[in-house]
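So the structure is just underneath, and the comments pick up after that.
The values are calculated or read from the model by the stated rules, or taken from the named source; none is laboratory data. Small disclaimer: the values here were computed from a predicted structure and weren't measured. In this analysis, Cβ positions are derived from the backbone assuming ideal geometry, glycine residues included, and neighbour counts consider all displayed protein chains. Heavy atoms of the whole protein, side chains included, go into the accessibility calculation; ligands, DNA and RNA do not. Shrake-Rupley method; radii C 1.70, N 1.55, O 1.52, S 1.80 Å.
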Amino acid sequence: MGATTTAPPAGALPPPPAPAPTPQPGRRGRGRARLARLDSTASPYLYIAPFFLLFIVTGLFPLVYTGWVALHDWDQIMGKGEFVGMENYVDVLTGRGFWKALANTVSIFVLSSVPQIMAALLIAALLDRNLRARTFWRMGVLLPYVVAPVAVALIFNNLFADRFGLINLLLETVGLDPVRWHSDRLASHVAIATMVNFRWTGYNALILLAAMQAIPRDLYEQAAIDGANAWRQFWSVTVPMLRPTIVFVVITSTIGGLQIFDEPKMYDSFGRGGADQQWQTLTIYLYELGWTRADFGMASAVAVLLFGIIVVFGVVNFLLTRRIAHDDGGRR
Amino acid sequence: MRRPGWIVYGLLAAVVLGSMFPLLWSVVVASHDSTVLARDRFPVVPGGNFFRNAATVLDTVPFWRATLNSVIVSTTVSASVVFFSTLAGYAFAKLRFRGSGPLLVFVIATMAVPTQLGVVPLYQVMARLGWTGELTAVIVPGLVTAFGVFWMTQYLAQAVPSELIEAARVDGASMFRTFWHVGIPAARPAASMLFLFTFVATWTNFFWPFIVLGPRNPTLPVALQQLQAAHFVDYSLVLAGAVLATIPLLVLFVLAGRQLVSGIMQGAVKQ
Amino acid sequence: MTRRTSPYLILAAATATSLVLGACGDSSDATDEEAAGSGGEVSLTVATFNEFGYEELLEEYEELNPGVTVEHVKADTADNARAALRNSLGANSGAADIEAMEVDWVTEFKQYPDKFADLSDPEVEGRWLDWKTEAVTLEDGTLMGYGTDIGPEAVCYRADLFEEAGLPTDREEVAELLGESWEDYFAAGREFVATSDAAWYDSAGALWQGMINQVDFVYEDADNNVVATTNPQVRELYDQVLAASVDDELSAGLGQWSSDWSSAFQEDEFATMLCPGWMLGVIEGNAEGVEGWDIANTFPGGGGNWGGSYLTVPAQGDNIEEATKLAAWLTAPEQQLKAFESKGTFPSQVEALGSDTLLGSTNAFFNDAPTGEILAERAEAVTMMPHKGPKYFEINTALQDAITRVDVDGTDDPDSSWDKFVAAVEALG
């Protein structure tokens, strides 16, 4: 395998401690000074080197090289073929697979971020009260975070099963029709978004809680004097003060959300996103192209396009953040 | 401040119950046989079949191997991330060197880069090295994270008094000695949190291990995927697997949940 | 956080890291060495999927051959096994010493003959049914795999539901009722659903598998040109199966292998199923506790084979000779008969087909039916092997999707779903 030769043992990476300053007669003064100078100029670079080397090799290089693969006929087994220019991109963009997967991805993302942040806000507001057994409640809402998405998916697949699922049973009990969770496109998105929300709502509530606790309490007192009740205080004081944190939460969930794979992959036993691509997301599409159809060229083209989409979403969010942060700065 | 009324507690109890319900439900279903949901659509009482189901799970997928793999991968990756992040964070926060500003900006910028999208070439590299199906293929790309460096930089900037470093240097301590005796002790609280979060993130990671490891040498999430894809879709079995695979992190949660909470509140973002 | 962690702990962790990384390297080096030494210890890996019934056989082989240890890796589904094999061929490492391959994708891998060892050997000539061997023989005579099992198809049925609907329940009478052709089978179904709440069969997709396995050239012609979308036979069968499934409501509308499908075995949702030998175990597993299953010695449209596998030896292995020996041993008639007894995989070996063990075997779950005898007769009725080209697997997946959209999901009508199928086939290039 070659791990021993290629991967440096982690223990060897930190620079060896400089020689102990044992007194050396004669040239000790000058030698030590030079050594110390070298030590202080070189050390910082040695300390940051492992991060940059490893990041460039395992993170940056593959990302950049994806662009190169996308320009070729590239079979998983046969390897690199002819240079085909933009053909892979044309194939991807003219097929319906990509657009449907994009729409699914965005739909699942919206369904999982908007309700999630609303719920997280409310939970944070509850936790922000002067509670007894504070830590218990905080840990209680965080519990889903330690359940792996794959396990979450297994559990929710059972709850959302079309025939014997608990959720359809409850719907029938209250006199509603059962929902076709695996046939109906939007329903499948709701189910998948529910898995995401289950795992992350409590987590985000704690982030928002931290920001809430940083809000000066006299703002509330002022509002109370002005006659605002708790509900009004929440909307006129808490939410505006939290806006930067909310945007931060949105940005981090954008980067992750647009790459969503685990939950839709696990949503049925086939893992292909449905017979009509009902819940096929872009990363599943990428996986299908690369590892089922063995077309690394087209898979790379999808990766590059998804990268571009994430950058666009990120820039929009960044501009938004700046504006909101600015507004805030004025008010404070 | 006034203690809140029972409505607040009631709502919170509902939320906590909602967080626990899926796991409780799994335990109940997993302790019956495959026909429980068809027979009794809302089983409430656990049955006596959990261990039989668990045994079948162990038989169907290489569960022990997957658990061992997850332990090896998560521990190694977390230890490495903590070590390298502390090292780099200390340099960025406390040492003056040419280019430190732009390099730190680079680190922060890479936090937002979806490196996951480099899977195709990364896979090819691993194939070339003959690492596909080997744990090293999962470990090596996880050895460092930009977030870790950023997190330790931020923490160390305020946790280590610069005078302490200067004093150590004046005493003739080498750079590394200073780091070891001043930087590391100060870094400990942040480092242990970084360890926890990296551990959870690595343990629950699925996409890359699924692609590069395959069914023969899986981590736990990959083994769970295999369990579900198996032809005999038996909910009590599948949920028994989900419960078994969650137990290790539940133990971690009981032991270190408090730290996870305060870590998030201090700004550990999701990875 | 008041507990103090020693700096040495971090150092220890880092050392552990290097040890682990080192250990990975060491262990695999060790296996390489073992592999190189030809005389001594040999360790082989065998990769299969679903149920091959090899567990006890491999132990037996280890006992018979001291010094040989065999590791059995089981993939859950054929799909995953296919993906894993593709990956290890692409990476030129990671394949098992023996890799099982399903008939539906064996042609796809015939595109890479260099990646597999030639297993042809005068000793095994004539061991299998001719059509079984032809499917893995290359033009130059290279034999890419040894046949394991085949999937001769019969029809399984719920005698209790038949009785409620006023239909005969006895095996022979049912065989007669089901008739000879697909139209007969559908006609019987219409009669059944008129008086029963249950559907006639589980899934249109399953029927499709039965139908196309009787067609010489379905998706690709003899030169492997893709004709799936222009072949009139494909469209005719497609319309026929969907008309029966949806218009006549003969199908329960369950996607085969979906969780709904599995759970439906516990309810009285459908009365018949197409039954290749390996399906008996699947039904028994899913329908645990349900009484009334039986099996009729007939199949619409004559004989049909669904599935069945081969053992291949990837060329990248270090123990090709030993692996070939094991593969030959596993696929010998005696061993495949034991596999049949253990998991119901029906042997593809001529000698095994006539054996008393096979012909005398009965299945308690299926009302003590003489399954060995019935399936042996069904195997004789199989006269041809459809041509399956390199794109077969992917095109068939796309067509199964098209059927699922109409039969299960109801997102499309047959025409719009067909259009999506055509687009999908075009996208395959």
If you take the residues of segment C:107-119 that are modelled with pLDDT of 95 or more and touching a strand residue (DSSP E or B) at 6+ places or on another chain (Cβ under 7 Å), which of them is surrounded by the fewest Cβ atoms within 10 Å (Cβ to Cβ)? C:D118
Could you please find all residues in segment B:212-231 being facing chain A (nearest Cβ under 10 Å), open to solvent by 30 Å² or more (accessible area, probe 1.4 Å) and in contact (Cβ under 8 Å) with a residue 12 or more places away in the chain? none
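In segment C:1-106, which helices (runs of 4 or more DSSP H) lie fully inside it and hold 1 or more residues that are surrounded by 14 or more Cβ atoms within 10 Å (Cβ to Cβ) and modelled with pLDDT of 85 or more?
C:55-64, C:78-91
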Need pairs with beta-carbon distance below 8 Å; first residue closer than 22 Å to C:S262 by Cα and within segment A:163-179, second part of a helix (DSSP H, G or I) and open to solvent by 60 Å² or more (accessible area, probe 1.4 Å); sequence gap 6+ or separate chains. A:P178/A:E172
Identity of the residue in segment A:219-233, open to solvent by less than 100 Å² (accessible area, probe 1.4 Å) and closer than 22 Å to A:I123 by Cα, that ends up modelled with the lowest pLDDT: A:A230
Find the residue count for segment C:398-429, including only residues that are open to solvent by 40 Å² or more (accessible area, probe 1.4 Å) and β-branched (V, I, T). 1
Residues of segment A:204-232 that turn out to be under 30 Å from A:G256 (Cβ atoms) and not in a helix (DSSP H, G or I), as a count: 2
Flagged in segment B:9-34 as over 20 Å from B:A245 (Cβ atoms) and either crowded, with 20+ Cβ neighbours inside 10 Å or at pLDDT 85 or above (or both), in numbering order, are B:Y9, B:G10, B:L11, B:L12, B:A13, B:A14, B:V15, B:V16, B:L17, B:G18
Quick one: which of C:G255, C:G281, C:G307 is part of a strand (DSSP E or B), within 13 Å of another protein chain (Cβ to nearest Cβ) and either open to solvent by 10 Å² or more (accessible area, probe 1.4 Å) or touching a residue at least 60 places away in the same chain (Cβ under 8 Å) (or both)? C:G307
Just one of the numbered conditions (1) more than 7 Å from chain A (Cβ to nearest Cβ); (2) crowded, with 22+ Cβ neighbours inside 10 Å; (3) under 29 Å from B:F206 (Cα atoms) is not true of B:L68; which one? (2)
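Hey, among the residues in segment A:93-105 that are assigned to a helix (DSSP H, G or I) and modelled with pLDDT under 95, which one's farthest from the chain's Cα centre (by Cα)?
A:T94
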Going through segment A:238-270 one residue at a time, which ones are of a type in the set (S, T, Y), touching a residue at least 60 places away in the same chain (Cβ under 8 Å) and within 12 Å of chain B (Cβ to nearest Cβ)? A:S253, A:T254, A:Y267
For C:Y146, work out the one condition from (1) in contact with a strand residue (DSSP E or B) (Cβ under 9 Å, 6 or more places away or on another chain); (2) not assigned by TED's automatic domain parsing to the domain that holds C:A47 it doesn't fulfil. (2)
Please state which of the following conditions A:N88 fails to meet, knowing it meets all the rest: (1) of a type outside the set (S, T, Y); (2) over 25 Å from A:T254 (Cβ atoms); (3) surrounded by fewer than 18 Cβ atoms within 10 Å (Cβ to Cβ). (3)
Please find, among A:I192, A:I246, the residue that is open to solvent by less than 20 Å² (accessible area, probe 1.4 Å) and either at negative phi or in a loop (DSSP other than H, G, I, E, B) (or both). A:I192
Take C:E191 and decide whether it is surrounded by fewer than 24 Cβ atoms within 10 Å (Cβ to Cβ) and without any contact (Cβ under 8 Å) to a residue 12 or more places away in the chain. no
Search segment C:258-275 for residues being under 19 Å from C:S196 (Cα atoms) and in contact (Cβ under 8 Å) with a residue 60 or more places away in the chain, and hand back the single one that is nearest to the other protein chains (Cβ to nearest Cβ). C:A264
Any residue at all in segment C:158-165 that is under 27 Å from the mean Cα position of the chain (by Cα) and over 30 Å from C:K325 (Cα atoms)? yes
Have a look at C:D216, C:D223 and point out the one that is modelled with pLDDT under 95 and more than 29 Å from C:N50 (Cα to Cα). C:D223
Consider A:L111 carefully, then state whether it is crowded, with 17+ Cβ neighbours inside 10 Å and within 14 Å of chain B (Cβ to nearest Cβ). no
Considering segment B:97-113 alone, what residues qualify as being of a type outside the set (A, V, I, L, M) and within 8 Å of chain A (Cβ to nearest Cβ)? B:F97, B:S100, B:T110
Which one is nearest to B:L164 (Cα to Cα) among residues in segment B:95-114 that are part of a helix (DSSP H, G or I) and in contact with a Phe, Trp or Tyr (Cβ under 8 Å, 6 or more places away or on another chain)? B:S100
List the helices (runs of 4 or more DSSP H) that sit entirely inside segment C:328-429 and contain at least 3 residues that are modelled with pLDDT of 90 or more and under 30 Å from C:L119 (Cβ atoms). C:333-343, C:350-353, C:356-359, C:371-381, C:392-404
Enumeration of residues in segment B:114-124 that are surrounded by fewer than 24 Cβ atoms within 10 Å (Cβ to Cβ) and more than 7 Å from chain A (Cβ to nearest Cβ): B:Q124
If you go through segment C:285-304 one residue at a time, how many are outside any loop (DSSP other than H, G, I, E, B) and either among the small types (G, A, S) or in contact with a Gly (Cβ under 7 Å, 6 or more places away or on another chain) (or both)? 2
Number of positions in segment A:43-60 that are more than 7 Å from chain B (Cβ to nearest Cβ) and either closer than 17 Å to B:V120 by Cβ or free of Cβ contacts under 8 Å to residues at least 24 places away in the same chain (or both): 6
Say we look at segment A:61-76 and pick out the residues that are out of contact with any Ser or Thr (no Cβ under 8 Å at 6 or more places or on another chain) and either assigned to a strand (DSSP E or B) or more than 10 Å from chain B (Cβ to nearest Cβ) (or both); which of these is least open to solvent (accessible area, probe 1.4 Å)? A:H72
Lone unmet requirement of (1) away from chain A (no Cβ under 11 Å); (2) surrounded by fewer than 20 Cβ atoms within 10 Å (Cβ to Cβ); (3) under 30 Å from C:K74 (Cβ atoms) for B:L250: (1)
